[in-house]
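Quick notes on the structure that follows.
Every read-out reported here was derived from the displayed coordinates using simple, explicitly stated rules and does not represent laboratory data. Being a predicted model, the structure only gives us computed values, none of them experimental. No Cβ is skipped: glycine too gets one built from the backbone with ideal geometry, and neighbour counts run over all protein chains shown.
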Amino acid sequence: MTVDERLERLVARHEALSQSVELLTRDVHEMRAEMAEQAKKTNALITDMAVGIARLLNVAEIHERRLSRLEEQS
């Protein structure tokens, strides 16, 4: 194998590696964007659940006070 052939092989490998890195970089950027969007949705869901739990707690406290008053009256 001549020096020129070796150089051609190295250039071909370099180009293939460069393309692979470009594809991987693009995939990472896409995945990062998808994960950010999913994180927003997850945070919104957690917030909604926290609000719902707070409302349920409020209802439970109101019922507990009502039951306490009814027990005191009887």
| note | Summing -39500 (n - 2.57) over every DSSP H run of at least 4 in the chain, dividing by its residue total and rounding to the nearest 500, the 222 nm mean residue ellipticity is -36500 deg cm²/dmol
| query | Length gain on complete extension for the stretch residue 10 to residue 32, per 0.36 nm per residue less the alpha carbon to alpha carbon distance? | reply | 4.7 nm
| So for the stretch 17-74, taking the charge dipole from beta-carbon charges (+1 Lys/Arg, -1 Asp/Glu), which of 63, 43, 23 sits furthest toward the positive end? | 63
| Where the only charges are on Cβ atoms (+1 Lys, Arg; -1 Asp, Glu), what is the dipole of the chain about its Cα centre, to the nearest 20 debye? | 320
| request: Treating the angle as unsigned and between 0 and 90°, give the value, to the nearest 10°, between the Cα long axis of helix 3-73 and the longest Cα principal axis of the chain. | output: 0
| message | Over 5 Å intervals from 0, what percent of Cα-Cα pairs in the chain sits in each interval? | response | 3, 12, 7, 9, 7, 6, 8, 5, 6, 5, 5, 4, 4, 3, 3, 3, 2, 2, 1, 1, 0, 0
